[in-house]
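The structure appears right after this line, and notes come after that.
The values are calculated or read from the model by the stated rules, or taken from the named source; none is laboratory data. The structure presented is a predicted model; accordingly, all values stated were derived computationally and were not measured. In this analysis, Cβ positions are derived from the backbone assuming ideal geometry, glycine residues included, and neighbour counts consider all displayed protein chains.
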Amino acid sequence: MKPYSLTRRLVVTVLLVELLLATAATGLALLYERQQNLHSFDLMLRGRADSLLGAVQDAEDAGDNVMLDPKALDLPRGNVYEVRDVSGRVVGRSAKWNRDIEQAIGQQGSARNFRLDKKWYRGFALHGVRQIDRTDSSPGIARPVVIFYAASLKPFWAAMSHAAKFLLISNFLILLFTAGTLLVLLRRGMAPLKELAGAASAISSNSLRFRAPPDAFAVEELAVLAHALESAMNRLEKAFLQQQVFVHDAAHELKTAVTIIKSSLQLLTSRKRTATEYERGLEMCLSDCARLEDLVQKLLILARLEQPRGEAAAPAKTDLSECLRDVANQMEPLASVRGVTLIFEPAGGRLARIAGDECTTLATNLAVNALQHTPAGGRVTLRVGTWEGRTGFEVEDNGEGIRAEDLSHVFDRFYRGDPSRSRHTGGAGLGLAICKAIAEAAGGSIEIVSEPGRMTLATVVLPGEQAELGVHPRQELLSDRR
Amino acid sequence: MRVLIVEDEERLAENIAVALREGPGYAVDIAGDGETGAYLAEMGEYDLIVLDLMLPKISGTDVLQRLRKRGQKAPVLVLTAITSKSSIVELLNSGADDYVGKPFDLGELMARVKALIRRGKGVRHPLIRVGDLEVDTLERSVRCGGVEVELSPTEYRIVEYLSHRPSSIVSKESLLEHLYDFNWERHSNVIEAHVSNLRRKLNRGGEEKWIETLRGRGYRLTAALREAQP
């Protein structure tokens, strides 16, 4: 779409409306003006005709044969007339006179317009009476006369065009003034918007902090935008900071892992050593490498889980009992090495909308965690079931538990509850973060409750459907050493 | 010399410790978290502290500030993954003496450790001369009047430590503190035996008394004194 300016649109609209109004007003005014001017023109015509009648009255000749001397009459140029008496004799006429004029004017007393020599004239007929031989005692003889009188409409048109010019110019000036005022007002009104834009353009990847200028909040319409922008930027900044912390922590972990391998190798080559020493050193390096590999793997899993997923691929349905049975079987050797009893409690037909491998990763991470934090003689239970109508699985252990202050952080990346312990188990503090990411990516949730020294219970709830109800859970003892 | 390593990554701490023990032959203690690190640093007499920044319980920066606030003078070498200018400036300003960025070179770390220890004791060169006694801290060898003297590792460490503080009296306890880490059973008569052996080897039958014993107070490397009084 072609970009347009709100200001320009507004100004143009206002001016167009004003122009329309001004045109209408001018039209009306001109109509009125015309009426007025015609009226005064007619009065003027009548006055002139009357004075002509007076001139006829005052003619010296007492008899019937009066003649008007056009030169003696001081009538303006461009006026035409003819005076006739009752018998049709022409008493006097102006130089420019013809029968057409009489025809155009007619016998009526109302004025009419007509064209003469390509010019517009207006004229009328005045029926008057000439008194002859009037004395103080007798009224004298009355002789009716007809006066045809017409004058050029030029002065009328001049007055009209003058009025039109005046109206046009004044309207134009008003339009100009409106446009100017509107522009200034709009520019002033738009200033907070510009300021807001300026503040927004100061946002960069280096400084995501955004404070809308106070002026923006003073404008009702802008305040909405300013609030929206501020809260959006705050959320972004928070997410960005979280990401930064993560990258920072990841870098630290990776660099440390590399440093260990490097220093191990440098230590090994720092002097001549026996074959056994070399062998042991290399084995250490290999295990260091495995740790680095594991870390990278976990970081990649997290990164993949964070990718927004397309809606297209509907998640597969996984039978939770089958998935957890596999996990339990895989964990069995570790459990027996640590002397922990691993119990599996399946529940038939619990299908969850989660990819099989992700479900396995989720359950494995939780199970390994539980096994690592349960002392010999302890018990770890993997349980599939439905709680309050929600399908999922639980991993319960009666191990050392998690301290209350750590519990709220266990899902944080790189968080290690008890550092000395976690370092021994080789975790980078990503396991539970991955669990959470998987569960949430699948549309489920994960929750951990713990009583230090007594037990820890991790509950995973997944979106899914229950194929059949009323299956009695039965215990499967995979490892019952004690 | 005795060094404290405060590093939560066990394998890394171990590698550095082994390198310090095998290389310059220092006594090394390891603290796995900030709290233990700060506690040990305040208790023990360390000639250098190697400090990681990302530590559980108390962060490295806080440990550093705590130590400096309490007047702990031992030089501190920081191990950091962030080598941005601002963070380095902040580190040095809060009392660190030097830093190495991860992943570091073990050789470089060793060299920096040695240099920091030397500087902390007012010695500028790895080859220390006290009279005609020459202690080469790189080769870990001692020459007396141009002739190399064969010394056991502990004997060398005693000479090295004494040569870093010539003409001042070093008590037996202080020697014990700086030569052995926590893993050693420490007895002052072990020191006495080593000093007596050392004295015999340095004198080579001559009459010179290199190491003076001040009864009840300790030992003193006397080469500097003899030079001052011809």
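Quick notes on this one:
Results for (1) surrounded by fewer than 23 Cβ atoms within 10 Å (Cβ to Cβ); (2) outside the structural domain of A:Glu447 (by TED's automatic domain parsing); (3) more than 55 Å from the chain's Cα centre (by Cα); (4) not in a loop (DSSP other than H, G, I, E, B), shown as yes or no for each residue.
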{"position": "A:Ala352", "(1), (2), (3), (4)": "no, no, no, yes"}
{"position": "A:Thr360", "(1), (2), (3), (4)": "yes, no, no, yes"}
{"position": "A:Ala363", "(1), (2), (3), (4)": "no, no, no, yes"}
{"position": "A:Pro375", "(1), (2), (3), (4)": "yes, no, yes, no"}
{"position": "A:Arg383", "(1), (2), (3), (4)": "yes, no, no, yes"}
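- Flag if A:Lys238 is in contact (Cβ under 8 Å) with a residue 60 or more places away in the chain, away from chain B (no Cβ under 14 Å) and of a type outside the set (A, V, I, L, M): no
- Residue in the range B:22-39 that is among the small types (Gly, Ala, Ser), in a strand (DSSP E or B) and either in contact with a helix residue (DSSP H, G or I) (Cβ under 8 Å, 6 or more places away or on another chain) or surrounded by fewer than 21 Cβ atoms within 10 Å (Cβ to Cβ) (or both) present: yes
- Test: residue in the range B:142-154 that is in contact with a helix residue (DSSP H, G or I) (Cβ under 9 Å, 6 or more places away or on another chain), assigned by TED's automatic domain parsing to the domain that holds B:Leu175 and part of a helix (DSSP H, G or I): yes
- Here A:Glu396, A:Glu400 are screened, and the one residue that is touching a His at 6+ places or on another chain (Cβ under 7 Å) and not in a helix (DSSP H, G or I) is A:Glu400.
- Just one of the numbered conditions (1) part of a strand (DSSP E or B); (2) basic (Lys, Arg); (3) modelled with pLDDT of 85 or more is not true of A:Arg84: (3).
- Qualifying positions in the range A:249-279 - at the interface with another protein chain (Cβ under 8 Å from one of its Cβ atoms), assigned to a loop (DSSP other than H, G, I, E, B) and of a type in the set (S, T, N, Q): A:Ser270
- From the list B:Leu91, B:Leu64, B:Leu12, B:Leu48, the lone residue that is surrounded by 22 or more Cβ atoms within 10 Å (Cβ to Cβ) and under 13 Å from the mean Cα position of the chain (by Cα) is B:Leu48.
- The sole residue among A:Leu208, A:Leu236 that is touching a Phe, Trp or Tyr at 6+ places or on another chain (Cβ under 7 Å) and either more than 22 Å from A:Ile434 (Cβ to Cβ) or of a type in the set (S, T, N, Q) (or both) is A:Leu208.
- Hey, A:Thr318 out of contact with any Ser or Thr (no Cβ under 6 Å at 6 or more places or on another chain) and either of a type in the set (S, T, N, Q) or not assigned by TED's automatic domain parsing to the domain that holds A:Arg383 (or both) or not: yes
- Here A:Phe148, A:Phe124, A:Phe114, A:Phe156 are screened, and the one residue that is surrounded by 13 or more Cβ atoms within 10 Å (Cβ to Cβ), in the same structural domain as A:His39 (by TED's automatic domain parsing) and in a helix (DSSP H, G or I) is A:Phe156.
Matching residues to (1) within 21 Å of A:Asp249 (Cα to Cα); (2) touching a residue at least 40 places away in the same chain (Cβ under 8 Å):
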residue	(1), (2)
B:Glu7	yes, yes
B:Glu22	no, no
B:Ile49	no, yes
B:Lys57	yes, no
B:Val100	yes, no
B:Phe104	yes, no
B:Glu108	no, no
B:Val113	no, yes
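- Entirely in the range B:56-121, the helices (runs of 4 or more DSSP H) that have 1 or more residues that are facing another protein chain (nearest Cβ under 10 Å): B:106-120
- Scope the range B:8-21; condition touching a helix residue (DSSP H, G or I) at 6+ places or on another chain (Cβ under 8 Å) and either more than 7 Å from every other protein chain (Cβ to nearest Cβ) or not polar (S, T, N, Q) (or both); matching residues: B:Asp8, B:Glu9, B:Glu10, B:Arg11, B:Leu12, B:Ile16, B:Val18, B:Ala19, B:Leu20
- Verdict on A:Glu220 being exposed (fewer than 13 other Cβ atoms within 10 Å of the Cβ), acidic (Asp, Glu), more than 14 Å from chain B (Cβ to nearest Cβ) and out of contact with any helix residue (DSSP H, G or I) (no Cβ under 9 Å at 6 or more places or on another chain): yes
- Subset of the range A:40-72 [at pLDDT below 80, buried (at least 16 other Cβ atoms within 10 Å of the Cβ) and closer than 24 Å to A:Leu116 by Cα]: A:Leu68
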